[in-house]
Amino acid sequence: MEQHNDLTQGKVTFTLLKFALPFLLASLLQALYGAADLLVVGQFGDSAQVSAVATGSQIMQTITSVILGLTTGGTILIGNYLGAKKFKDIAESVGTIICIFGIIAAILTVIMMILTGNITKLMNTPIEAIEDTKQYIFICSCGIPFIIGYNALSGILRGLGNSKAPLLFIMVACLTNIAIDLILVGGFHMGAPGAAIATIVAQAISFIIGAFYIKKVGFNFDFNRSDIRIEAGKAKKIFKLGLPISMQDGLINISFIIITAVINVMGLTASASVGVVEKIIVFTMLPTIAFASAIAVMTAQNMGARKEERAKQCLYVGVASSLIMGITCFAYAQWNPTSLTALFSRDTTVIQTASLYLKSYSFDCILVCFVFCMNSFFSGCGNSLFPMIHSLITTFIIRIPVSFALSKMSGVTLYEIGFASPLATFASLIMCIFYMRSEKWNNNIGF
């Protein structure tokens, strides 16, 4: 399997689709093994366990998104160096990534294990679900090194234009997670703790397979143990590119956590319903996320090769491709939402309440097609600060305040609260359009 894939050549549409498809399948599988816990618990457990897994998995998803944002900084940097044929810089970047994320993994694991109880309280977890939530978060926290390891290795490979290998890693992990979920939750009725154990075993397998793959196949450039060190210049660039993306993704997930905490006060049914819809939304947005990620790598390579117009074409093709899936998901959510919410719960009240939330929330499926792809284009050009800025603004001025205000109004249902997210995304889209027209996004060519 090739380690290098030149994304600066060939027809843009074909090249983007070829690179994005494995990324999409890998993202689908990663989300599936994340949702498998909720799917199985929803069929074999009660609403309290569904609430626990939904709340706990949101915390873990936030951590994953933050790490993915940071690794994207490394992916973009490697892609830019590859486009410019700077192989020594690529080797130094890979070594720096390994060191940085090894340190982050150790620190973050300890912090999460210590703060499990505090996090559960901050989430306003319903009393019936507190113990299950604590156990789920604690067990999953033990698997943080594997989450970080898998995403770091995948980020390196994708920067080199190889989106196929990460797909194979996650495919094995997904099947493993589902199998263990069915055994521990369905067979032994271990509930949330059983689901958490299945998740960390799957994460460990994806990381171990990835490490063995890289060791066996190697790279098509000189890379030695002496390269595994923190090179200050490369570390600075990785954080410059990745930290804004990480903060952007993290803030969005944190806003969802805050909204969940706000809605948790409304009771167990509302808590479980929001958790169900968040899982569904993750799936509906995966095609857009996959195309956006492909745009970031292709843009980085093409900017490194000084092919600005081709980079723009990547953006246009990515948006158009994402819209096909976004509009399809939105239409289905309007037509038959209960068929989706019923996958995650047997409680008829939860199914109906979640369907209302999904109908309004699903407008976001269309809007994010533009915002996510434009954010990735800006980041691929070396301008990842703007996406973070507009995300900060819309998160803390629109998404959270609107959700909180609506939750306090008498007679308001989850249907009305669900409009907060698309409203915030629309505001981000307006800012992205103005930024795109300003041409300021092309000021950091070469990073």
Subject >> Residue with peak Gaussian network fluctuation, the chain [Cα springs, cutoff 10 Å], from Y150, Y316, Y435 >> reply: Y435
**OP:** Determine how large the accessible area of M325 is when every protein chain is in place; take a 1.4 Å probe and give Å² rounded to the nearest 10.
**Re:** 80 Å²
Original post:
Taking the simple approach of a point 7 Å from Cα along Cα-to-Cβ for both A211 and K440, what is their distance in nm?
Top reply: 4.3 nm
Original post:
Shape call for the range 209-357 from the C-alpha gyration tensor, a ≥ b ≥ c root eigenvalues: rounded (a/c under 1.5), prolate (a/b greater than b/c) or oblate?
Top reply: prolate
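Here are some pairs, K86/K236; K11/K88; K18/K240; K85/K234; K279/K359; which of them have Cα atoms lying more than 24 Å apart in this structure?
Pairs exceeding 24 Å: K11/K88; K18/K240.
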Original post:
Along the charge dipole of the chain, which of I327, A405, F378 sits closest to the positive end, that is, farthest toward it, with unit charges on the beta carbon of Lys, Arg, Asp and Glu (+1, +1, -1, -1)?
Top reply: F378
Original post:
If you roll a 1.4 Å probe over the heavy atoms of the protein chains, what accessible area per residue do you get for the chain, in Å²?
Top reply: 38 Å²
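Ranked from the most accessible area to the least, with a 1.4 Å probe and all protein chains present, what is the order of D46, D181, D89?
Numbers: D46 85, D181 0, D89 40 Å².
Greatest to least solvent exposure: D46, D89, D181.
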**OP:** Could you work out how far the C-alpha centroid of the range 67-85 sits from that of the range 230-251, in angstrom?
**Re:** 10 Å
**OP:** Name the most mobile residue of F219, F19, F386, meaning the one with the largest mean-square fluctuation, in a Gaussian network model of the chain with Cα contacts below 10 Å.
**Re:** F219
Original post:
Taking only DSSP H segments of four or more residues, each worth -39500 (n - 2.57), what value at 222 nm results for the chain once the sum is divided by all its residues, to the nearest 500 deg cm²/dmol?
Top reply: -27000 deg cm²/dmol
**OP:** At q = 0.13, 0.15 Å⁻¹, work out log10 I(q)/I(0) for the range 305-383 with the Debye formula, treating every Cα as an identical point scatterer and leaving solvent out; two decimals please.
**Re:** -0.53, -0.63
**OP:** Quick one: work out Rg over Rh on the C-alpha atoms of the range 319-432, Rh as Kirkwood radius.
**Re:** 1.03
Original post:
Going by a ≥ b ≥ c, the root eigenvalues of the Cα gyration tensor, does the range 51-108 fall in the rounded group (a/c under 1.5), the prolate group (a/b larger than b/c) or the oblate group?
Top reply: oblate
Subject >> Between 0 and 90°, nearest 10: helix 130-141 axis offset from the chain longest Cα axis >> reply: 20 degrees
**OP:** Enter the angle in degrees (range 0 to 90, nearest 10) between the Cα long axis of helix 87-114 and the first principal axis of the Cα atoms of the chain, meaning the one along which they spread out most.
**Re:** 20 degrees
Original post:
For the pair M409 and K85, how long in nm is the line joining their label points, each one 7 Å along Cα→Cβ?
Top reply: 6.1 nm
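Need the full-extension length gain, D222 to W335, defined as separation in residues times 0.36 nm minus the C-alpha distance. One decimal, nm. Before the final figure, lay out the partial values.
Working: separation 113, 0.36 × 113 = 40.68 nm, distance 5.46 nm.
Computed gain between D222 and W335 is 35.2 nm.
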**OP:** Would you kindly find the accessible area of E309, with a 1.4 Å probe and non-protein molecules such as ligands, DNA and RNA excluded, rounding to the nearest 10 Å²?
**Re:** 110 Å²
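For the chain, what is the relative contact order in percent, using Cα pairs closer than 8 Å and at least 6 residues apart in sequence? Don't jump to the answer; show the numbers that get you there.
Details: 777 pairs, mean separation 108.2, N = 447.
In percent, rounded to a whole number, it is 24.
Rg(Cα) of the range 1-128 divided by 2.2 N^0.38 Å? Before the final figure, lay out the partial values.
Values: Rg = 19.7 Å, N = 128, 2.2 N^0.38 = 13.9 Å.
Output field value: 1.41.
Quick one: compute the contact order of the range 1-158, relative version, from alpha carbon pairs under 8 angstrom and 6+ residues apart, as a percent. Mind dumping the intermediate values first?
On the way: 107 pairs, mean separation 51.6, N = 158.
The value is 33 percent.
Using C-alpha positions alone, give me the convex hull volume of the range 112-236 per residue in cubic angstrom. Walk me through the intermediate numbers first.
Details: hull volume 18.1 nm³, N = 125.
Convex hull of Cα atoms, per residue: 145 Å³.
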Original post:
What's the center-to-center distance, using Cα atoms, between the range 323-366 and the range 87-145 in Å?
Top reply: 30 Å
Subject >> Overall dimensions of the range 325-371 as given by Cα atoms, namely Rg and Dmax in Å >> reply: 11.2, 35
Subject >> Directionally averaged projected area (convex hull, Cα atoms, the chain), nm² >> reply: 19.1 nm²
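Using a 1.4 angstrom probe on the protein heavy atoms only, could you order S407, S322 from most to least accessible area?
On the way: S407 25, S322 0 Å².
These residues rank, largest area first, as S407, S322.
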Original post:
Going out from 0 in 5 Å bins, what whole percent of all Cα-Cα distances in the range 272-352 drops into each bin?
Top reply: 3, 15, 19, 15, 13, 10, 9, 7, 5, 3, 1, 0
Subject >> Gain in span if fully extended, Q352 to E309, counting 0.36 nm per residue against the direct Cα distance >> reply: 10.7 nm
**OP:** State whether the range 139-183 is rounded, prolate or oblate according to the following rule on the C-alpha gyration tensor (a ≥ b ≥ c being the square roots of its eigenvalues): a/c under 1.5 gives rounded; otherwise a/b larger than b/c gives prolate, and the remaining case gives oblate.
**Re:** oblate
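The values are calculated or read from the model by the stated rules, or taken from the named source; none is laboratory data. Keep in mind the model is a prediction, meaning the values are calculated, not measured. Positions of Cβ are generated from backbone atoms using ideal geometry, with glycine treated the same way; all protein chains shown enter the neighbour counts. Protein only, heavy atoms only, side chains kept; ligands, DNA and RNA dropped before computing areas. Shrake-Rupley method; radii C 1.70, N 1.55, O 1.52, S 1.80 Å.
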